[in-house]
1. Give just the number: which of (1) at negative phi; (2) more than 15 Å from the chain's Cα centre (by Cα) does residue 132 not satisfy?
2. I'd like the residue in region 132-148 that is exposed (fewer than 13 other Cβ atoms within 10 Å of the Cβ) and at pLDDT below 90 and, out of all such residues, is nearest to residue 90 (Cα to Cα).
3. Can you name every residue in region 27-48 that is acidic (Asp, Glu) and under 13 Å from the mean Cα position of the chain (by Cα)?
4. Search region 149-178 for residues that are charged (D, E, K, R) and modelled with pLDDT of 85 or more and pair each with any residue that is crowded, with 21+ Cβ neighbours inside 10 Å and not in a helix (DSSP H, G or I) when their beta-carbon atoms are under 7 Å apart and the residues are at least 6 apart or on different chains.
5. Looking at region 125-139, which of its residues are part of a strand (DSSP E or B), without any contact (Cβ under 8 Å) to a residue 60 or more places away in the chain and in contact with a helix residue (DSSP H, G or I) (Cβ under 9 Å, 6 or more places away or on another chain)?
6. Are there any pairs, at least 6 apart or on different chains, whose C-beta atoms fall under 8 Å, with the first in region 14-37 and within 27 Å of residue 4 (Cβ to Cβ) and the second outside any helix (DSSP H, G or I), and if so, which?
7. Could you tell me whether region 44-54 includes any residue that is surrounded by 12 or more Cβ atoms within 10 Å (Cβ to Cβ), under 18 Å from residue 149 (Cβ atoms) and touching a strand residue (DSSP E or B) at 6+ places or on another chain (Cβ under 7 Å)?
8. Is at least one residue of region 30-42 closer than 23 Å to residue 168 by Cβ and not small (Gly, Ala, Ser)?
Amino acid sequence: MPYDSFTINSSNDVEQAVLLLAIGIAVTEIAIWGRRQQANASRRRGYLDGVITTSHAVANGASVDDLIEQVRAELTAVLGIDGAKFVANSNRPHAPRLNPDGSVTRGSHVLKVERDGLPTNAEIELTVQHAGEPRGHFLLTSATHIARPDLEQRLVAIALADQVGAALTSQQPAQAHC
């Protein structure tokens, strides 16, 4: 059997070629899977860093205004949206809502965010609360593109908003956050 040659002269050569091809495909798939896992771990680490940074800011008594600005930036990054603004009061009964369980609803209709994305035709309300009491709302905007944050990203957004809720128990924002 000649080595260092691509010539296929027998059924054994065909068998070897197919085996080498299968091994190459398997190794490639494993490498791609590993890269995806690494990217997911890195993304999750970023979420965790944002929550930890926000938690430290609350624990260290950062001003509510600074905290709101920080959380606005985090919400925009985590959800992949155009922007977020904080309002103390919101009276929009038919607005889409990001609920504490991570679901997004418009009225009684649950939206399929992974499939259809966040609504682009209305601001989405994310209630800021502490101990079950509403303290304000972040109004989330995704108007220029369809954002499809997964459940994990939406739960991180809720955790970030709740950090603002905890800070609002002792302070009120000095300015509007648009």
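1. For residue 132, the exception is condition (1).
2. Here the answer is 133.
3. The answer is none; no residue qualifies.
4. Here the result reads 154/98, each pair linking region 149-178 to a residue that is crowded, with 21+ Cβ neighbours inside 10 Å and not in a helix (DSSP H, G or I).
5. 126, 127, 128, 129, 130, 133, 134, 135, 136, 137
6. Hits for this filter: 14/8; 17/8.
7. no
8. Checked region 30-42: no residue is closer than 23 Å to residue 168 by Cβ and not small (Gly, Ala, Ser).
The values are calculated or read from the model by the stated rules, or taken from the named source; none is laboratory data. All values derive from a computational prediction rather than experimental measurement. Cβ atoms come from the backbone with ideal geometry, glycine included; neighbour counts cover every protein chain shown.
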